[in-house]
Amino acid sequence: MARQERPVDPTEGPVQALAYELRKLRTEAGNPTYRALARTAGYSATTLSEAAGGTRLPTLEVVLAYAGACGGDPDQWRARWHEAARTTQAAARTASAGGAGSPTDQPPPAPPAQPEATEPGSPERTDPPPGPPEQPATGAGAGRRTRWRQVLLTGVPAGVAVVAATAFGLAVQRADPPAVDPSTGAGPRCPSLPADARFTGTTYGSGAHVRTGATRDDAVTTTIPPDCTVGFTGFCVGEKVYDNTGGTPDVRWFMVPGGGVVSSAVIHGNPPRGLPATDCPNGRPTPSVLDFSVVAESGGALSLRVTGADLDVVGFTASTGPTASSGGPAWRQVTLADVRDPGVGARARFEPATTTAPADGPLVLVAAACLGGDSPTGLVRALRVQPAGPGRPTPVTLDPGQRAEAAASACRYPRAG
């Protein structure tokens, strides 16, 4: 089984911010394995993985090879690398001088560690989703599709933080400091569980930012530490954020008692099934339209496509024959797909031979609108096809129980094994 790399936090400095953006680029390129990237980039899978590891600054050549293999703009990535190198060197120089000297006095960067030689058959690794994904984009780069995240630097001299923010063209947003117990001097504490909580979840990673609205550009009011059980009063739909453990997209934002919302992507836990989304500042509508089509490809494979209004996440599932208990269909998830371009929608490729349905019997394919992993919306479309000769798929009406089971399968959070 592929091994996950440790998460990276883009707020921890330019090296992790560069690693975060490299991982994001790879995700946008369809999440190819490092072994697949190595065949194009000319560097080993280990070298490419370390470039996105966030522990040291990779060489410019490795960054350009990584970005080129993922379809990135080489001029853009060359500029990003030089920004990261200048900022890293300036921060190190200022720190070693105890804060003395001018932040604008930036010597050329020291040569980073040299990449290792190509290693045929090196172990394949997969990265986790881009580091704490709820960090907002601000400043000059906020309008781009690939956005630099806000840099919040703690535990370093003030001059270093100013240098880092200036070099990246970012504004440093100040959030209220977390509560400190005056009797013990202890750091931030977990909030108390409210009596009106509708459900709970546990924070992980670097904790969870509570924001005034459901986008990463909304102001941070406080930060809940990791490993806290938090009570939520409801949820709304907002900006899409990629889950910090599985990399799957999620548009849910959980409501904190007293005001504010937290991205579901940094919370272990889900609202109870059937709890509807409500409005919140900078929220968005839930999906309302879903058009599902199936086209036969050469070799017997089927091409699945979904378009519709307000879609961000779509799950696909297929029937695997009747269940022994109810006689209705059992379901096997095909994939949980990310809608990156509304005009294109969500696509998947399905091999009917991967199911246990009878070869000569009909196959039911289902597409469901999801808000994230394990979060179906109830918007479901089903089509019946003949695997031996798909021809023209025909719509299928599922009863309420079948719809719920199919939607749960389609929107299932991908699990290992």
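The values are calculated or read from the model by the stated rules, or taken from the named source; none is laboratory data. Because the structure is predicted, anything quoted here is derived from the model rather than measured. All Cβ positions, even for glycine, are placed from backbone atoms using ideal geometry, and neighbour counts span all protein chains on display. SASA here: full protein model, heavy atoms, side chains in, ligands and nucleic acids out. Shrake-Rupley method; radii C 1.70, N 1.55, O 1.52, S 1.80 Å.
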Cα Rg, Dmax (largest Cα-Cα span) when computed across the range 202-272, Å: 10.7, 30
Where the range 234-350 is the region considered: accessible area per residue in Å², 1.4 Å probe: 40
Taking the convex hull of Cα positions in the range 237-300, its mean projected area over all directions (nm²): 7.0
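Can you tally the net charge around VAL289? Count Lys and Arg as +1, Asp and Glu as -1, for every other residue whose Cβ sits under 11 Å from the Cβ of VAL289.
Details: positive: ARG381; negative: ASP291, ASP310.
For residues surrounding VAL289, the net value is -1.
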Relative packing of 336-343, 14-21, which averages over residues the other C-beta atoms within 10 Å, highest first: 14-21, 336-343
Accessible area (Å², 1.4 Å probe, nearest 10) - ASP312: 20
Probe 1.4 Å, protein heavy atoms only - accessible area per residue of the range 1-63 in square angstrom: 39
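Using 0.36 nm per residue, how much length does the chain from VAL289 to ARG384 gain when fully extended, once their Cα-Cα distance is taken away?
On the way: separation 95, 0.36 × 95 = 34.20 nm, distance 1.98 nm.
The span from VAL289 to ARG384 would gain 32.2 nm if fully extended.
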Accessible surface of the range 266-347, 1.4 Å probe, proportion on carbon and sulfur as whole %: 50
Kirkwood-Stokes translational diffusion coefficient of the range 203-330, alpha-carbon pairs, 25 °C, 0.890 mPa s, µm²/s: 145
